[in-house]
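Structure record follows, encoded as structure tokens.
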Amino acid sequence: MKAINDFLSWVLPYTEWPMFILLIGGGLFLVFYSKFVPYRYFGHALAVVSGKYDDKNAKGDVSSFQALSAAVAATVGLGNISGVAIAIHDGGPGVVFWIWMTALLGMGIKFYSGSLAIMFRDTDSDGKLQGGPMFYITRGMGKWARPMAVFFSICGLFGFLGVFTANQFTEAFMGVVKPQETLLVASEFNWKLGIGFVLAIVTSIVIFGGLSKIAKVASTIVPFMVGVYLLAVIFVMANNAGQVLPALKMIFVEAWNFNTIVTGGFWGLVIVGVRRAMFSNEAGLGSAPMYHGQSRNDEPTKEGLVAMLGPFIDTIMVCTFTAVVIILSGAYLEDGSGITMTMSAFEKTLYGFGDILLMVIVTAFALSTLFTYSYYGVKCLSFLTTPKIGKWYNVFFVVMVIFATVASLDLVKNLIDLSYALMVIPNMIAVLYLAPKVNAASKQYFIKKKQSGT
């Protein structure tokens, strides 16, 4: 494990600038190129998600709401709860500002990639509709771009493993329940391995049931658990109302701290923010378009508007609330990183039982993320081979869940960071290349909308 981690740590810095230029530069370009469509039509996007504009005759397997729930299930989770803690640990409170900036640009990126998912979806050898970067790269850009789609899919086989989630869930369980003291005397390693096997079994039951089962479970669990989490955070903020504004002020002040102690100085701080924002909402990564491509919707612009709500929900809302609680509790000054920092913040601010409540929420988030991530990996392997072989990815996925429970946080974080950075490159090149087609489609859509008076 140490050898693998040393290799990942060595390669990772070389991916920082391509990722940064494509995400931030590309995101800024798309925001202006779209003439701020994602922000101007925010209300319309909410109406589309509510089902107001659903077309019962449209092709697809799931509703727009289910597609958004499944995509948000994969992103609202431990990336928001422990990912923010890792960001603050690595870069200080100011990193949250750069997470916000990346999320706002991410809304623009998701609008384009969600639209492309519908515009260039295709049927696989089983006759099922498929969407996502592999399809808009090959169908939208042409056969010459196929190596980009293959590269994206190979990186996806590792990027879409549930290793971070399994690792952080195990840390949370060991920290709160302390099973080696309260349940059964056994070594920490054996307990972690046992948790891995239980996670693997529960995950298997759902993921071998296919997309409709995943979407059904996700659209039931996610809205409820996000609601419980937000209520807990709002309660903490109301109880500590006097400290909320100073915490927000600290985020803004520290964001421009040119003498910051983070590795790499000011730019290091920005890079940490961009990395963790991408990890939180996956904008530019190309994962969410795989779900949105399955949506019962024949109108690309509608799905693009639904997709762009993802970064708003999971980064602007959930990450901000998490960050404020971590800062006002003082937990960010402690040694722990990841889920242990967030646990400490909740324990301090919710009368000593906050960590238990967070454990319940984390369990639901962890399971919903594991259910949805496996689907992304199946699509990558199916593209590289056939849908029949693609289903075998689930076996690899389940084995790696067990591996992740005994691996170090550094190892799983570096593996995901490297895979994500490499996946951004072909996906963002395709999104930027195909952006004029999305603009043409959205222009027609809004003309029709105006004419129909809806």
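Could you tell me whether any residue of the range 364-371 is in a helix (DSSP H, G or I), of a type outside the set (Val, Ile, Thr) and under 15 Å from Phe158 (Cβ atoms)?
No; the residues of the range 364-371 include none that is in a helix (DSSP H, G or I), of a type outside the set (Val, Ile, Thr) and under 15 Å from Phe158 (Cβ atoms).
Give the residue, chosen from Val72, Val84, that is at pLDDT below 70 and surrounded by 24 or more Cβ atoms within 10 Å (Cβ to Cβ).
The unique qualifying residue is Val72.
Is there any pair linking a residue in the range 1-30 that is outside any helix (DSSP H, G or I) to one that is not small (Gly, Ala, Ser), with Cβ under 6 Å and at least six apart or on different chains, and which?
If the second residue must be not small (Gly, Ala, Ser), the pairs left are Met1/Leu411.
Quick one: is Asn239 modelled with pLDDT under 80 and more than 25 Å from the chain's Cα centre (by Cα)?
It is false that Asn239 is modelled with pLDDT under 80 and more than 25 Å from the chain's Cα centre (by Cα).
Looking only at the range 95-143, how many residues end up being in contact (Cβ under 8 Å) with a residue 12 or more places away in the chain, among the basic types (Lys, Arg), in a helix (DSSP H, G or I) and more than 27 Å from Tyr41 (Cα to Cα)?
Residues in the range 95-143 being in contact (Cβ under 8 Å) with a residue 12 or more places away in the chain, among the basic types (Lys, Arg), in a helix (DSSP H, G or I) and more than 27 Å from Tyr41 (Cα to Cα): 1 in total.
Just to verify a result, which residue in the range 293-321, among those that are hydroxyl-bearing (Ser, Thr, Tyr) and part of a helix (DSSP H, G or I), is modelled with the lowest pLDDT?
My answer is Thr315.
Could you tell me whether any residue of the range 179-186 is of a type in the set (Val, Ile, Thr), within 25 Å of Ile416 (Cα to Cα) and out of contact with any strand residue (DSSP E or B) (no Cβ under 9 Å at 6 or more places or on another chain)?
Within the range 179-186, not a single residue is of a type in the set (Val, Ile, Thr), within 25 Å of Ile416 (Cα to Cα) and out of contact with any strand residue (DSSP E or B) (no Cβ under 9 Å at 6 or more places or on another chain).
Restricting to the range 362-384, what's the tally of residues that are surrounded by fewer than 24 Cβ atoms within 10 Å (Cβ to Cβ) and over 20 Å from Ser419 (Cα atoms)?
3
Say we look at the range 322-355 and pick out the residues that are part of a loop (DSSP other than H, G, I, E, B) and small (Gly, Ala, Ser); which of these is surrounded by the fewest Cβ atoms within 10 Å (Cβ to Cβ)?
If we take residues in the range 322-355 being part of a loop (DSSP other than H, G, I, E, B) and small (Gly, Ala, Ser), then Gly352 is surrounded by the fewest Cβ atoms within 10 Å (Cβ to Cβ).
Can you tell me which residues in the range 403-439 are of a type in the set (A, V, I, L, M) and closer than 16 Å to Glu303 by Cβ?
Listed by number, the residues that qualify are Val431, Leu434, Ala435, Val438.
Can you go through Lys379, Lys388 and tell me which one is assigned to a helix (DSSP H, G or I) and in contact with a strand residue (DSSP E or B) (Cβ under 8 Å, 6 or more places away or on another chain)?
Lys379
Those residues that are within 16 Å of the chain's Cα centre (by Cα) and among the aromatic types (Phe, Trp, Tyr), I need them from the range 420-441; list them, please.
Tyr420
Look at Ser442 and say whether it is closer than 29 Å to Phe111 by Cα and of a type in the set (Ser, Thr, Tyr).
It is true that Ser442 is closer than 29 Å to Phe111 by Cα and of a type in the set (Ser, Thr, Tyr).
Tell me which helices (runs of 4 or more DSSP H) are completely within the range 145-186 and hold 3 or more residues being crowded, with 20+ Cβ neighbours inside 10 Å and either touching a residue at least 24 places away in the same chain (Cβ under 8 Å) or under 22 Å from the mean Cα position of the chain (by Cα) (or both), or say none if there are none.
Correct list: 146-159, 163-176.
Any residue in the range 423-444 that is open to solvent by 60 Å² or more (accessible area, probe 1.4 Å), at pLDDT below 90 and among the charged types (D, E, K, R)?
no
Can you run down the residue pairs with Cβ atoms below 7 Å, 6 or more apart or on separate chains, where the first is in the range 428-454 and in a helix (DSSP H, G or I) and hydroxyl-bearing (Ser, Thr, Tyr) and the partner is modelled with pLDDT under 90 and open to solvent by 30 Å² or more (accessible area, probe 1.4 Å)?
Listed pairs, sorted by first residue: Tyr445/Glu299.
For Ile214, which of the numbered conditions (1) open to solvent by less than 10 Å² (accessible area, probe 1.4 Å); (2) at pLDDT 80 or above fails to hold?
Only one criterion is unmet by Ile214, namely (2).
Any chance you could count how many residues in the range 112-141 are at pLDDT below 90 and open to solvent by 20 Å² or more (accessible area, probe 1.4 Å)?
10
The values are calculated or read from the model by the stated rules, or taken from the named source; none is laboratory data. A quick note: this is a predicted structure, and the numbers were derived from the prediction, not measured. Every residue, glycine among them, receives a Cβ derived from its backbone with ideal geometry; neighbour counts consider all protein chains shown. Accessible surface areas use protein heavy atoms only, side chains included; no ligands, DNA or RNA. Shrake-Rupley method; radii C 1.70, N 1.55, O 1.52, S 1.80 Å.
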